[in-house]
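The values are calculated or read from the model by the stated rules, or taken from the named source; none is laboratory data. Every value quoted in this text rests on a predicted model; they were computed, and no experiment measured them. Ideal geometry is used to build each Cβ from the backbone, glycine not excepted, and the neighbour counts take in all protein chains shown. Ligands, DNA and RNA are stripped out before the accessible areas are found, and what is left, the full protein with its side chains, is counted by its heavy atoms. Shrake-Rupley method; radii C 1.70, N 1.55, O 1.52, S 1.80 Å.
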Amino acid sequence: MEEELKVNEFEHGTDRTAYHTHRNLQQAYGPEANFHYRANSAEEILDDTNKLQMMIADHYQTQCPRLAALDDYMKARNNGIHNDECRRIEEGKADHRAAHNFAKIINIFDVGYNTGIPIKKTSDNEDINNLIREYDKQNDIEALDSELWRDFRKYGRAYELQYRNEEDEDRSVISSVFETFVCYGLDVERTPLFAVRYPRYRIGMQELTKVTIYTDTEIITYKPCSLSMMVLEEEDRKEHYWGEVPVTEYSPDRYRQGGYEDVTSLIDLYDAAQSDTANYMTDFNEATLVISGDLDMSRYSVKDVIAMKKANLLLLENGINPDGSKSQTEAKYVYKQYDVTGTEAYKERLQKDIHKISFVPDLTDEAFSGTQSGEAMKYKLFGFQQLAKTSQRGFKKGLMRRYRLLLNIKNYVSEADNADLGNLTITFTPNLPKAVLEELKALADAGTEFSQQTLLELASFVEDAQAEIEKVREEQEDSGDDAVMRRVFSLTKKDDGADINGQQNILETERSGTA
């Protein structure tokens, strides 16, 4: 390569743009990464272990990477900023990679809004209500519903496994989306044919997987094997009595899209913008010293000039003034100019777009100041409320199936007297701040009367309103007895000749009057 002798040509081929193009999450994972598995019948797949092995391998290799990418955005391991192929490669320059956890903000707001107040399940059959209350208490169902909703909105799917343990207790647990999927039939109702669960574990350097199949009547387990070299050998087969496949898939809609999946590309852009700003602020301190004068630049090779550049030094020959004279010798520092207004406006626009498209409001926005009325706040949440309603319908389907399965097993073991769910109603209560005092004042001014129990239930520090009422009644009775005794004592003091029977009569009279 012929050396370039002029200093203003030193950048050719040596200082290229230090960024690569980046494929966002939607471009990296196509429709096949969110495919519903379907078959004509369970026997079509389960009678041929090769087909079952291919289905498991496809889930692990094609679907799990997308789910892992969505999980990374929740944990601030954003693909767009941590990908080594999309950041600066120029040596000696700052390479900050700031990840912004918008995905976590969106998911936490979604979970808190919909499950912060426990989901209510009520039936017109009191026996069913008692059965559900007992089941929910045994399984800490409030926490389970919240975690199911977290996966449900993070991945666009969540799985619940129901089983009966050795103590004959009915249990519900979350089954990881990375090791669970359901195969549906070809009918219009998409009846679940079977579910697959293949948890992986490691022994030393060897990773094994344990495959379990759940049909509507049986649980089939296979011997542990390697996932990469899978050979399924049946180990055990036993009946179950849930009446259907005991694995329930929750999904917000038929698309199974995560709550923040469609804004991941905007999150990548915001990460890049903030990282570039940080890189500039770091490199700003390394201004280049420019020395111009009567210099013989032919003495320096391209390698010499590149070494000067790395040392933040630039040599320039004298220029020629309009009058023909040479420009004077000078030394000065030069640095990149930073468009503060334009850059900050760009980042602010990205941030607003993330919240606008995800329908999750930015609570740090001035529009959410403390002077806003409750009705005004509702209008700001209107878009998110529409999205929540759609998700709630999908979640209700899963909950209805949960309690239908529960009733199936209870009827089988004669613990439910062949009852049905009746008119089971599932109610979501938005977890939003409420101006209770304003409502009470308006109703009271209108002439509405409230019971003491209702008022106590509104108090945040009272856990059991009925128990509190009982305590108040007991205290009133005790204070009434004390008042009676003081009255008797005063009477007997005035009349020292009063007999015991007279005192007893006075005591009974006072007590009956208090009652």
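What the table below lists for this structure:
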| read-out | value |
| --- | --- |
| Fully extended contour minus Cα-Cα distance, from Lys356 to Leu227, at 0.36 nm per residue | 42.2 nm |
| Accessible carbon and sulfur surface of the stretch 138-191 relative to its total accessible area, %, 1.4 Å | 45 percent |
| Accessible surface, 1.4 Å probe, highest first, among residues Lys397, Lys347 | Lys397, Lys347 |
| Square roots of 5 times each gyration tensor eigenvalue, C-alpha, the stretch 87-185, largest first, Å | 40, 18, 12 |
| Karplus-derived 3J(HN,Hα), 6.51/-1.76/1.60, for each residue of the stretch 49-57, Hz, glycine and proline x | 5, 5, 5, 5, 4, 5, 5, 5, 5 |
| By average C-beta atoms within 10 angstrom, highest first, the peptides 268-276, 348-356, 467-475 | 268-276, 348-356, 467-475 |
| 1.4 Å probe accessible area per residue over the stretch 430-475, in Å² | 84 Å² |
| For the stretch 106-241, the spread of Cα positions along each principal axis, largest first, Å | 50, 38, 37 |
| Solvent-accessible surface (1.4 angstrom probe) belonging to Val188, in square angstrom, nearest 10 | 140 Å² |
| Solvent-accessible ranking of Lys378, Lys210, Lys121, Lys396, largest area first, probe 1.4 Å | Lys378, Lys396, Lys210, Lys121 |
| The stretch 35-77: Rg to Rh, with Rh as the Kirkwood radius over Cα pairs | 1.18 |
| Percent carbon-and-sulfur accessible area, the stretch 198-244, ignoring ligands, DNA and RNA, probe 1.4 Å | 50 percent |
